[in-house]
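As structure tokens, the structure follows; a few thoughts come after it.
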Amino acid sequence: MSHAIKNRCLWVLIFVGSVGVSAAEYRGVAPIVVDAVRPLAAGPVEGLLGERLDLWREHRLWRVGRDPFLLDGFKSPPGKHPWQGEHVGKWLHAATLAYQATGDERIKVLLRETVDQLIDAQDTEGYLGTYAPQRRFYNPDDTLAKGSWDVWTHRYLIYGLLVYDRLFHDHRAVACCVRMGDLLMASFGPGKRDITSVGTRNGLSTVVLLESMVMLYERTGEERFLRFAENIVDCIERNPRLRLSAVMRDSADVSIPGDGKAYQLMATFLGYAELYRHTGEHEYLDPVLAGWDAIRERHLYETGGPWSFKSNDVRNHECFTPSYFYHPTNCVETCSTTTWIQLSLLLWRITGEARFAAEAERAIFNHLIGAQSPNGNDWAYFTMPNQPQRGYKDEVTCCASSGPRALEMIAQHLSGTSGRILIVNSYLSRTVPLAELTGREGELIVEGNYPFEEEVTLRADLAQPTRLTLDLNLPIGVKSMQIEVDGERQNLERRPSGYYRLARLWKPGDTVRITFEFLLSVHFHGSREGTRWMSFMRGPIVLAQDVAIQTDQPQVVLAVKNETEDASQWIEPADSRSLRSYKHLQPLLGKVPVYKIKGDRNIILIPYYLAGSFGGGVRTMFPTLHEDLSRLQDK
Ligand SMILES: [Zn+2]
């Protein structure tokens, strides 16, 4: 079939598929499964997350949004890079959420200009990618299919445009997505080519389309997109190298499907979870919960970053490998941290369980912002607990485009609701409006210096007494919370969801004082070369050594008698004397936790996210020598 005839056939197909519905008439459908909880919009976030959001919104957002690289590949294909097309979709997502939070009209203008140019670049048949015509996904030449990132690009475009439409109600954006969806369906829909025959890692890079396809169904209510989504799952489950549900059911080994490509596997879990919301079929949710648990148990650093490793089997730094490959120099791709956070927040909405929100917060406070340079512009691609250089770069990479999305997403999930209950996921300072919950004007004001100081207050700014129930999360690294209302200690019940419930009639000005018992904890891990490594946390914050060049100081080996959870036998708070020879660390004292390792070496520990950000590297894990072994060596 000639190219022209084929295109005409596709066009007819699309026309038939869309007949009778103009974009303005798409109604959309609500999920069958009602989310257990939902995020509640709050005022500006302050403190640590607020600073990091500002850095992205003031610098990176503009540097990428105004870079011609974002749209060049669409306007005059082929692009310069196989996945060049993903960046605009990711930018639309993050920048839309930034506008939603700030109302900054300049962002709105740039968003509109970007969307206009993107839509203009779409072919009449619906193609909106950066590939040359003969290499496009609808070309049935299998020799071109392997290694193609063309469908991947469309996944991110549909995602970004639909997030944009949620806020700006832009029917053109929806119509653009429908055209993409129909073209994809004409190629890979029921009865067509197996979608897993295209892309990398046995098609795992292509089936990430699943989430976007369910989103398109939700936005349009067009059943064919739901059927297409189900067909994508059928292809995954039929492919012996993917079989995501079967593998999660049998072994929950995330290193198996698609070689365990971490980012893509978690992005596919997002699609399964979305499909559950729209079908109510637990066969879609159960593998996601099993996969999340497996990653949480076996593939997460204390910093909350999901690690991967280039083993002899898969020869790629970005794949989950069995847990015995653990080592502090294994990679975390910033895209993986972002998708882990995204997955955790989605599972929080579906289940209402506190643990998902707590894990997302741990990853933000440590691993995610450790990948963001304090200059606001640069990001690191790979980060590790022990890394000679942070590797921040001013480049448009998959990771630099992913990281800001995680910042914006978590900012929307700090507070939530379930019925008339206010859920407090985080104690970062902010103002939470109460009118939607109580039917009366009022705010709950969260104040303090969390996660650095032990005490925060929740103050009710009300005009009249109001009944309000709070569900309070216990953050990771916190042993317990002492909760007082106007000086009176409360004994709160911990619910099956993991939240502590405080139900009361609030008088104007009532204040809840929460005192955290931050753990000063130590964590031990075996590793692939036999060494046992240890790292330290204070509350939710992982501590690490800032090193100019990691090889310039011999690495300290810590003697261990017993592996306890209490770090106080190895570290103690640092004072100004211990910082005498570290001028660049002196301003941190009193602002963030600063500790030192006991002994003569004067090794200073600061928050992981800051270590290395002064131009060097980071050392989070220390090798151990167990005392019985050290005695043997003395003899
Ligand atoms: Zn990446």
Exercise for the section: Treating the angle as unsigned and between 0 and 90°, give the value, to the nearest 10°, between the Cα long axis of helix 3-18 and the longest Cα principal axis of the chain. Expected result: 70 degrees
Problem - Whichever lysines have a C-alpha closer than 25 Å to that of LYS75, once near sequence neighbours (fewer than 8 apart) are set aside - result: LYS6, LYS90, LYS108, LYS146
Practice task
Would you calculate, for the chain, the mean residue ellipticity at 222 nm contributed by helices, counting each DSSP H stretch of 4 or more residues as -39,500 (n - 2.57) and dividing by all residues, to the nearest 500?
Solution key: -11500 deg cm²/dmol
Exercise for the section: Sort the following peptides by mean Cβ neighbour count (other Cβ atoms within 10 Å, averaged over residues), highest first: 414-427, 140-153. Expected result: 414-427, 140-153
Practice task
Working from Cα positions, state the angle (0 to 90°, nearest 10) between the long axis of helix 262-279 and the longest principal axis of the chain.
Solution key: 70 degrees
Handout entry: Label-point separation in nm, GLU517 to GLU565, each point 7 Å along Cα→Cβ
Key = 1.0 nm
Practice task
Any chance you could give the angle, 0 to 90 degrees and rounded to 10, that helix 171-188 forms with the longest Cα principal axis of the chain?
Solution key: 80 degrees
Handout entry: Gap separating the Cα centres of region 510-526 and region 280-297, nearest whole Å
Key = 28 Å
Completion exercise
Placing each pseudo-label 7 Å from Cα in the direction of the beta carbon, ARG467 and GLN482 end up separated by a distance in nanometres of 3.2 nm
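Taking the number of other C-beta atoms within 10 Å as the exposure measure, put GLU488, GLU454, GLU408, GLU436 in order starting with the fewest. Let's see the in-between values first.
Numbers: GLU488 7, GLU454 17, GLU408 21, GLU436 12.
Lowest to highest Cβ neighbour count: GLU488, GLU436, GLU454, GLU408.
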Completion exercise
Rounded to one decimal in nm, the spacing of the 7 Å Cα→Cβ label points at VAL109 and ASP234 is 5.0 nm
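How high is the relative contact order of the chain? Use alpha-carbon pairs under 8 Å, at least six apart in sequence, and give a whole percent. Please report the intermediate quantities before stating the final value.
Working: 1316 pairs, mean separation 80.4, N = 635.
It rounds to 13 percent for the chain.
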Practice task
Any chance you could tell me what percent of the C-alpha pair distances in the chain go past 44 Å?
Solution key: 21 percent
Exercise for the section: Enumerate the aspartates and glutamates that LYS507 could reach by cross-link, defined here as Cα to Cα under 20 Å, with residues fewer than 8 away along the same chain left out. Expected result: GLU436, GLU441, GLU443, GLU447, ASP461, ASP471, GLU484, ASP486, GLU488
Problem - Cross-link partners of LYS80 among aspartates and glutamates (Cα-Cα below 16 Å; sequence separation of 8 or more within a chain) - result: ASP67, ASP72, ASP150, GLU395
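Once R0 is set to 22 Å, what does the formula 1/(1 + (r/R0)^6) return for the Cβ-Cβ distance between ARG580 and GLN555, expressed as a FRET efficiency to the nearest 0.05?
On the way: r = 22 Å, r/R0 = 1.00.
My answer for the efficiency is 0.50.
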Practice task
Pull out the extension gain between ASN491 and TRP62, defined as 0.36 nm times the separation in residues minus the alpha carbon to alpha carbon distance; nm, one decimal.
Solution key: 149.6 nm
Fill in the blank from the handout: Plugging the Cβ-Cβ distance of GLU627 and ARG296 into 1/(1 + (r/R0)^6) at R0 = 35 Å yields, to the nearest 0.05, a FRET efficiency of 0.65
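Only the coordinates and a few stated rules stand behind these numbers; no lab work does. Keep in mind that this is a model prediction, so the values were computed, not measured. Neighbour counts are summed over all protein chains in view; Cβ atoms, including those assigned to glycine, are modelled from backbone coordinates with ideal geometry.
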